[in-house]
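The values are calculated or read from the model by the stated rules, or taken from the named source; none is laboratory data. This structure is a prediction, so every number in the text was calculated from the model and none was measured. Here the Cβ is made from the backbone with ideal geometry for all residues, glycine too, and neighbour counts use every protein chain on show.
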Amino acid sequence: MPSFDVVSEVDKQELRNAVDQANREIANRFDFKGSDARIEQAEYLLTLYADDDFKLEQVRDILVNKLAKRGIDVRALDVAERSEKVSGNKVKRAVRVRNGLETETAKKIVRLIKDSKLKVNASIQGDAVRVSGAKKDTLQEAIALIRKSVTDLPLQFVNFRD
């Protein structure tokens, strides 16, 4: 029975490379000379540091630019609403990189497929949704439906099996 998995994954190595490139650009830029602007990474949690909110936004823009160049969708970023004060006049902001489908999103995808009346079955398998059906064409219709409906985070369709 043909099937595929719907996942939302970020390549950890590409993320690390983008952070390293962003830190190199920050270190070389003239407007950041003498400032403590940097990006720190702990797995899928990034912390942006800068001297003030304006420079913090510039650091975020540099990061987004480098992520886009490395092929990481910026919809995977969950940026904190407000920046936090650190010692003195420095500020920081946490950025979480969403990896894997959250339970509510997975349930939303399963409900979407069931409501569409396509002849496919959808089930939640950990942090992925497995969609299986009798024909490849109906699976492709399901992919098109999911792409059209779920726009708030990047999705990949993997493990396509005949």
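Of the residues making up region 97-143, those that are more than 30 Å from residue 44 (Cβ to Cβ) and in contact (Cβ under 8 Å) with a residue 60 or more places away in the chain are 133, 134, 135, 136. Within region 20-35, being of a type in the set (Gly, Ala, Ser) and assigned to a helix (DSSP H, G or I) holds for 22, 27.
Given 147, 75, which one is among the basic types (Lys, Arg) and in contact (Cβ under 8 Å) with a residue 12 or more places away in the chain?
On the way: 147 fails: in contact (Cβ under 8 Å) with a residue 12 or more places away in the chain.
Residue meeting the stated conditions: 75.
Of the strands (runs of 3 or more DSSP E) lying entirely inside region 66-162, those containing at least 3 residues that are surrounded by 15 or more Cβ atoms within 10 Å (Cβ to Cβ) span 91-97, 120-125, 128-133.
Could you tell me which residue of region 5-35 is surrounded by the most Cβ atoms within 10 Å (Cβ to Cβ), considering only residues that are β-branched (Val, Ile, Thr) and under 15 Å from residue 66 (Cβ atoms)? Among those that are β-branched (Val, Ile, Thr) and under 15 Å from residue 66 (Cβ atoms), it is 26.
Within region 23-37, is there a residue that is touching a Leu at 6+ places or on another chain (Cβ under 7 Å) and outside the structural domain of residue 149 (by TED's automatic domain parsing)? No: zero hits.
Looking only at residues in region 36-57 that are of a type in the set (A, V, I, L, M, F, W, C) and not in a loop (DSSP other than H, G, I, E, B), which one is surrounded by the fewest Cβ atoms within 10 Å (Cβ to Cβ)? Let's see the steps before the verdict.
Looking only at region 36-57, we keep the residues that are of a type in the set (A, V, I, L, M, F, W, C), and these are 37, 39, 42, 45-46, 48, 50, 54, 56.
Keeping just the survivors that are not in a loop (DSSP other than H, G, I, E, B) gives 39, 42, 45-46, 48, 50, 54, 56.
On the way: 39: 21, 42: 7, 45: 12, 46: 23, 48: 26, 50: 25, 54: 11, 56: 19.
This residue is 42.
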